[in-house]
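In what follows, a structure is listed as structure tokens, so that the remarks can point back to it.
Bear in mind these aren't lab numbers, they're just calculated from the coordinates by the rules spelled out. Since we're looking at a predicted model, the values are computed, not measured.
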Amino acid sequence: MDKAVRAKRELCVQRMSEIHAVALKASSDKVERAILLECYVDVDRIAQDFEAMHLKIIQDGSFEFKTEDEIRAKFDKARYQIKSIYRKYAPSTVVPRGTTPTSNFKLPKISIPPFSKELALWPSFFALFNTSIYNNSLLTNTEKFQYLISLLSDDALSAISNLPLSDENYPIAYDTLVSRYKNKRKLASHYWNSIAGAKQLKVDSAESLGKLLDTFNENLRALELMEFPVDLKDFILLNVLLGKLTPSLREKFEAEHRKTEIPRFKQLVKFLNEYCRVFASLSIEPPPKKSSDKPSKNPSAKSSTTSTFVTNEVSCLQCNQSHLLVKCPAFLKLTEKDRHAKARQLRLCLNCLKAGHRASSCPSQ
């Protein structure tokens, strides 16, 4: 991290501490009270500069989050105490009759990068919003709602755009955004995909190698800071294997584990083993029949065979017993190659082993 950024943030901390010291003496010293009224105008600007530098530091990734957050918490505590004390001594404003104090009220500007829909930017936006606005007891819910709307765009703004601006609707809007974007699994998958999709080096250079290392370090650090409830190795294996599946299989797995925040790798393996047995049963094909070894010269005979199979599904083509073809003992003894050849000869669907349609149009799941 650039030393200049940390130095600028430290300067903001120092200046806020000096104003805080003045505010603490204001109740007993008229001179200090007058100084507070003069220097208070710098408080919001110092806070904006601090937040800008602090955001750069926490986005770098090479820091101890707990230590940095303690610095932020101490700074905010001093700022809010200054504001609270200032309100005791700030000159009152005369409001003309027939108007409301908030009719022309303009919220102070707070420097937080706006959020649209990118999952990777949600954690930093969420942390800064909570620190500067959500936990600020000096703001009303309506004022917090105003800030929230001003900091959103695109999909995120659309999610709450239908809610009227009011104290009652602010927690609804806040919870709506949290439920949509605070998804540990989606966010972790995004970080992992950034690592897995990192571009391979084409040339040996400090710039390209540095970018590759930054991609790995930043995303791995982000995964660690999430306090992930599962082992990172387990999660990586889960995502790699999921990425190799067909869309239909993946959809079935997600539906079966929709109530699990982050499925485990062994759950996926168990699920796939079960489907292996299902597929093995469905792929069993019919045995050769003596009566059909030679092609029939009578077209109607072939049509009759097909019709019989369609209308009587429980009549086994191998032994004419009342069971499904796939459960016939004689049929199961055939090799896979022979079953496949016989199914083609009998013009059966290779998916469900029934006549009258092809595998591409088979209605069976």
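In µm²/s, what is D for segment 4-47 at 25 °C and 0.890 mPa s, where D = kT/(6 pi eta Rh) by Stokes-Einstein and Rh is the Kirkwood radius from Cα pairs?
Reported coefficient: 224 µm²/s.
Quick check: from the Cα gyration tensor, does segment 1-91 come out rounded (a/c under 1.5), prolate or oblate? Cα axes put segment 1-91 in the prolate bin. Of Lys83/Lys182; Lys8/Lys66; Lys66/Lys117; Lys186/Lys233; Lys66/Lys184; Lys77/Lys184, which ones are farther than 25 Å apart at the Cα? Over 25 Å Cα-Cα: Lys83/Lys182; Lys66/Lys117; Lys77/Lys184. Under the criterion of Cα pairs below 8 Å and six or more residues apart, the relative contact order for segment 1-91 equals 41 percent.
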